[in-house]
Amino acid sequence: MSDHSFDVVILGGGSGGYAAALRSAQLGKTVALIEKDKLGGTCLHRGCIPTKALLHSAEIADNTREASNYGVNATFGSIDMPKVNSYRDSIVDKLFKGLTGLVGSGKNITVVSGEGRLTGAKTVTVNGDTYTGVNLVLATGSYSKTLPGLEIGGRVITSDHALKLNFVPKSVIVLGGGVIGVEFASIWRSFGSEVTIIEGLPHLVPNEEESISKALERAYRKRGIDYKLGVRFSGVEQTDTSVTAVLEDGTRVEAELMLVAVGRGPNTAGLGYEEQGLQMDRGWVTTNERLQTNLPGVYAAGDIVPGVQLAHRGFQQGIFIAEDIAGLAPAVIDEDGIPKVTYCEPEIASVGLSEAKAKEKFGADNVSTYEYNLAGNGKSNILGTAGFIKLVRQNNGPVVGVHMIGSRVGEQIGEAQLIVNWEAYPEDVASLVHAHPTMNEAIGEAHLALSGKPLHAHA
């Protein structure tokens, strides 16, 4: 049993935690980074990276099936899940080794393995040893939620279990039409499963621009993905061979497996937070705009802080906290300026305000929009993708929202986030040269149209 003192103690080694550690070390602070599992957290081991690896395998499966459309004689045989999983694991392992080496090479960072618990205002106890910081950063991540009365087990699984499946289910019910739900629905459909999504709200991906949601619904219908919208889940029945979802309207949907994808909750229970007087709200850690909690010198980052649960959000928050502790007075992170990408097929990418939120903020008469259809884009035609880019602007002001759907549109989010966060006017972007033939041209064309001079588009 021993006591240790550091400038910064960080509980949790996911995107927010390790970013805070690396940046704090750069700024000359001594750091204790405490992690009970593996560095990289949900994103690297149970979320972003392994899911996107599966989605890439799914993309290749679809490309193989459609190869003859492009003059390539290829035959789709089957999905070899052990090999798919081996490919997925190789990506995760490579990134994990790189991250471990990077953090381990930091002369000011001490990595502490074990489950930590807050036992003082700025003290964490791990395996009987105490780690006290001048500042404390809480970054303990999230877990897969379920619904009240819906137990996980048997043929009812979470995304954690779905990532590890060694077979392709013949049929799947996906409970929840948010990001996780539509991504796994996309994977399984590409692998050959019959998929039904159940979403209680009126649209798939309900947090996106409504026109984007409707476009995804059309695309999924074309892909043969069934969905039931605006009806709530009531109960579940299991047998040795099947699972049945019962809906409030009496509808019954039967499948081999059911994925519960109703979001992620903050991983804060049993960690001593409330005992130390930390202000909480239904399990979430409440902070001010500078990510400071009600306890002096204690910060929170990532999925435990209310807002969009995105690895890059936590990463940026970790950097922000480190710089705030060091007295650099970093600019407050604009939550509306955080880009989002959903890697289903077709992809969805967005940043900034939706049309509805923009009208709420600026007034309906002070907002203009434009949708540029990818049918007018050469590279999109070559790829055989449909979709559009929707711009939302404040009249006589900047572009405040960019919303996109189509294959590979996630690769366009970089320019989109610069446009929104740098408060560019449509005229500013219209004057820039966008390389031909690229999908990126579509962003340029959309801004040309919104600035009143459409070329490959109707005004």
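The values are calculated or read from the model by the stated rules, or taken from the named source; none is laboratory data. Computed from a prediction, not measured in an experiment: that's the story for all the values here. In this analysis, Cβ positions are derived from the backbone assuming ideal geometry, glycine residues included, and neighbour counts consider all displayed protein chains.
Does ASP37 satisfy being within 24 Å of the chain's Cα centre (by Cα), without any contact (Cβ under 8 Å) to a residue 40 or more places away in the chain and not in a helix (DSSP H, G or I)?
yes
The residues of segment 357-399 that are closer than 10 Å to LEU450 by Cβ and aromatic (Phe, Trp, Tyr), listed by number, are TYR370, TYR372.
Annotation note: of ILE187, ILE197, the sole residue that is under 22 Å from SER142 (Cβ atoms) and touching a Phe, Trp or Tyr at 6+ places or on another chain (Cβ under 6 Å) is ILE197.
Annotation note: of HIS312, HIS403, the sole residue that is assigned to a helix (DSSP H, G or I), of a type outside the set (A, V, I, L, M, F, W, C) and either more than 21 Å from GLU183 (Cβ to Cβ) or out of contact with any Phe, Trp or Tyr (no Cβ under 6 Å at 6 or more places or on another chain) (or both) is HIS312. Among the residues of segment 199-216, just one is farther than 15 Å from MET404 by Cβ, out of contact with any Pro (no Cβ under 8 Å at 6 or more places or on another chain) and surrounded by 24 or more Cβ atoms within 10 Å (Cβ to Cβ), namely LEU204. Considering only residues that are within 26 Å of ALA326 (Cα to Cα) and not polar (S, T, N, Q), which ones fall in segment 250-279? Result: TYR273, GLY277, LEU278. On the basis of being hydroxyl-bearing (Ser, Thr, Tyr), within 21 Å of the chain's Cα centre (by Cα) and in the same structural domain as ILE443 (by TED's automatic domain parsing), does SER368 make the cut? No: the conditions fail for SER368. Condition (residue is of a type in the set (Lys, Arg) and either farther than 19 Å from GLU208 by Cα or assigned by TED's automatic domain parsing to the domain that holds PRO206 (or both)) applied to segment 437-458: is it met by at least one residue? Yes, there is a match, as at least one residue in segment 437-458 is of a type in the set (Lys, Arg) and either farther than 19 Å from GLU208 by Cα or assigned by TED's automatic domain parsing to the domain that holds PRO206 (or both).
Can we say LEU175 is buried (at least 22 other Cβ atoms within 10 Å of the Cβ), closer than 30 Å to ILE60 by Cα and not assigned by TED's automatic domain parsing to the domain that holds ALA21? Yes; evaluated as a whole, the condition is true for this residue.
A single entry from GLY270, GLY277, GLY230 fulfils the requirement of being surrounded by fewer than 18 Cβ atoms within 10 Å (Cβ to Cβ) and either of a type in the set (Val, Ile, Thr) or over 27 Å from the mean Cα position of the chain (by Cα) (or both): GLY277. Scanning segment 6-20 for residues that are over 10 Å from ILE34 (Cα atoms), over 22 Å from the mean Cα position of the chain (by Cα) and either of a type in the set (Val, Ile, Thr) or in a helix (DSSP H, G or I) (or both) gives a single hit, VAL8. The selection criterion, being without any contact (Cβ under 8 Å) to a residue 40 or more places away in the chain, of a type in the set (A, V, I, L, M) and either under 21 Å from ASN294 (Cα atoms) or in contact with a helix residue (DSSP H, G or I) (Cβ under 7 Å, 6 or more places away or on another chain) (or both), holds for ALA74.
Every condition in (1) in contact with a strand residue (DSSP E or B) (Cβ under 6 Å, 6 or more places away or on another chain); (2) surrounded by 24 or more Cβ atoms within 10 Å (Cβ to Cβ); (3) under 26 Å from GLY352 (Cβ atoms) holds for MET258 except the one numbered (3).
State all residues of segment 394-415 that are surrounded by 24 or more Cβ atoms within 10 Å (Cβ to Cβ) and not β-branched (Val, Ile, Thr); if no residue qualifies, say none. Selection gives GLY401, HIS403, MET404, GLY406. Going by what's in this entry, would ARG282 be described as without any contact (Cβ under 8 Å) to a residue 24 or more places away in the chain and not assigned by TED's automatic domain parsing to the domain that holds GLY192? Criteria met by ARG282. Only residues that are outside any loop (DSSP other than H, G, I, E, B) and either touching a helix residue (DSSP H, G or I) at 6+ places or on another chain (Cβ under 8 Å) or surrounded by fewer than 17 Cβ atoms within 10 Å (Cβ to Cβ) (or both) were counted in segment 145-159, giving 2. Contact map, segment 77-96: residues that are touching a residue at least 24 places away in the same chain (Cβ under 8 Å) paired with residues that are buried (at least 16 other Cβ atoms within 10 Å of the Cβ) and not aliphatic (A, V, I, L, M), Cβ distance under 6 Å, separation 6+ or inter-chain. Pairs shown: ILE79/PHE191; VAL84/SER57; ARG88/PRO50; VAL92/PRO50; PHE96/GLY40.
With respect to (1) out of contact with any strand residue (DSSP E or B) (no Cβ under 7 Å at 6 or more places or on another chain); (2) on the phi < 0 side of the Ramachandran plot, the lone exception for ASN395 is condition (1). Is it the case, given these coordinates, that VAL236 is at pLDDT 95 or above and either in contact with a Lys or Arg (Cβ under 6 Å, 6 or more places away or on another chain) or not assigned by TED's automatic domain parsing to the domain that holds GLY302 (or both)? When the stated conditions are applied, VAL236 passes them. The listed residues are SER171, SER186, and the only one of them that is under 24 Å from the mean Cα position of the chain (by Cα) and either within 16 Å of ALA255 (Cα to Cα) or not hydrophobic (A, V, I, L, M, F, W, C) (or both) turns out to be SER186.
Residues in segment 406-459 that are touching a Gly at 6+ places or on another chain (Cβ under 9 Å), within 15 Å of GLU371 (Cα to Cα), of a type outside the set (Gly, Ala, Ser) and assigned to a helix (DSSP H, G or I): VAL409, PRO426, GLU441, GLU445.
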